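A.B. asks: Dropping a structure here in structure tokens format, bear with me for questions.
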Amino acid sequence: MSIADTTLKQAKSKDRDYKLTDEKGMHILVTKSGYKYFRLSYRFAGKQKTLALGVYPETTLKTAREKRDEARKLLSEGIDPSEVRKAKKYNIYNDAINNFEAIAREWHDTNKSRWVEDHAKAKLSRLEKHIFPYLGSRPIKNITTQELLSVLRLIEGRGTIEMAHRAKNIVSEIFDFAVSTVRADRNITLDLRNALKPMPAKKHRATITDTNEIGGLLRAIDSYKGEIVTKCALQLTPYVFVRPGELQKAEWVEIDFEKKVWKIPAGK
């Protein structure tokens, strides 16, 4: 015989816990402190078990009965509803710790020793600016090709086609990492090989060979009115003939003022 909703509502606490019996194996445990717990008693594989269905009144009698019926359906199919619930909790937890941002930061931390500091910062910065706001909280295994393409299209739509390609390459590395650590089934960026606009052709500036033009360049450097650090770097460059990055990272210990030479350390 089923219990009436009014009976459940009016049930008072006693000096010890007691049960109100509903139908199909469900009962309500009324505790000494006045809490009312919906429970389903059942047997599985020869063992007596209990499944929690909620707490009244947050869970209504109607909702508790619906949960009971769902559990009984699983039992009829030879499935333990308690194990199903454990699996769902595990999947929810697993998805939470394996979202795209968490795995991306792990990938970055794992590989940053392979990159120079500025390159490592640039990779993370691109993720934080262009990818995390849209996909960061998504479980990586649930991200679809369409979702990723939409994000890359946003970057592309800002007129930064090169950045869209760079972001895609970084995401591809992260998916490879997720696959290798068994947290994604495949690298979905492989489906987007030709989805973005092609990279603009790079324009290489011709080297100045005319001595008159070289003089004009040096005079232009001397008349530069911008930042003093930039001007000093421009004035120093013709004497050392190094790449801008090498000049930027230069240290005093690398310059021998007596011999008037600059030796760039190996690997720099």
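Quick note: the coordinates plus some simple rules give every number you see, no bench work behind them. This is a predicted model, so every value here is computed, not measured. Using ideal geometry, Cβ is built from the backbone for each residue, glycine included, and neighbour counts are taken over all protein chains shown.
A.B. asks: Search the structure for amide H atoms under 5 Å from the amide H of R138, placed 1.01 Å from N in the peptide plane, and list their residues when 5 or more places away or on another chain.
C.D. replies: The answer is F100, E101.
A.B. asks: On a straight-distance basis, which aspartates and glutamates could pair with K14 in a cross-link, Cα separation under 20 angstrom, same-chain partners fewer than 8 positions away excluded?
C.D. replies: Of all the aspartates and glutamates, those that pass the test against K14 - Cα under 20 Å, at least 8 places apart if same chain - are D5, D22.
A.B. asks: Longer than 26 Å from Cα to Cα, which of K24/K88; K86/K168; K49/K73; K67/K89 are they? Say none if no pair is.
C.D. replies: In this structure, K86/K168 exceed 26 Å between Cα atoms.
A.B. asks: For the peptides 126-138, 8-20, what is the packing order when you average, over each peptide's residues, the other Cβ atoms within 10 Å and list the highest mean first?
C.D. replies: 126-138, 8-20
A.B. asks: Then there is this: Amide H of D22: which non-local residues (sequence gap of 5 or more, or other chain) have their own amide H closer than 5 Å, using H built in the peptide plane?
C.D. replies: HN-HN under 5 Å from D22: H27, I28.
A.B. asks: Looking at [x] 33.2, 105; [y] 25.0, 80; [z] 18.1, 56, which value of Rg and Dmax of the Cα atoms in Å comes from a calculation on the structure shown?
C.D. replies: [x]
A.B. asks: In whole angstrom, note down how far apart the Cα centers of the stretch 13-62 and the stretch 196-256 are.
C.D. replies: With the stretch 13-62 and the stretch 196-256 each reduced to a Cα centre, they are spaced 78 Å.
A.B. asks: If I take the Cα coordinates of the stretch 164-268 and project them onto the principal axes, what are the three extents in Å, biggest first?
C.D. replies: So the three principal-axis extents are 59, 34, 26 Å.
A.B. asks: Roughly how large, in nm² to one decimal, is the mean projection of the convex hull of the alpha-carbon atoms in the stretch 100-192?
C.D. replies: Taking the Cα atoms of the stretch 100-192, their convex hull projects to 5.5 nm² on average.
A.B. asks: Where a Cα-Cα gap under 25 Å defines reach, which lysines qualify for K259, not counting those fewer than 8 residues away within the same chain?
C.D. replies: Here the lysines satisfying the reach criterion relative to K259 are K231, K249, K268.
A.B. asks: Same structure, new question: Let's see if you can work this out: charge +1 on each Lys and Arg Cβ, -1 on each Asp and Glu Cβ, no other charges. What is the dipole magnitude of the chain about its Cα centre, in debye to the nearest 20? Show your work: numbers first, answer last.
C.D. replies: Values: 51 positive and 35 negative charges, 236 e Å.
Rounded to the nearest 20 debye, it is 1140 debye.
A.B. asks: Tell me, R153, R193 in order of fewest to most beta-carbon neighbours within 10 Å?
C.D. replies: R193, R153
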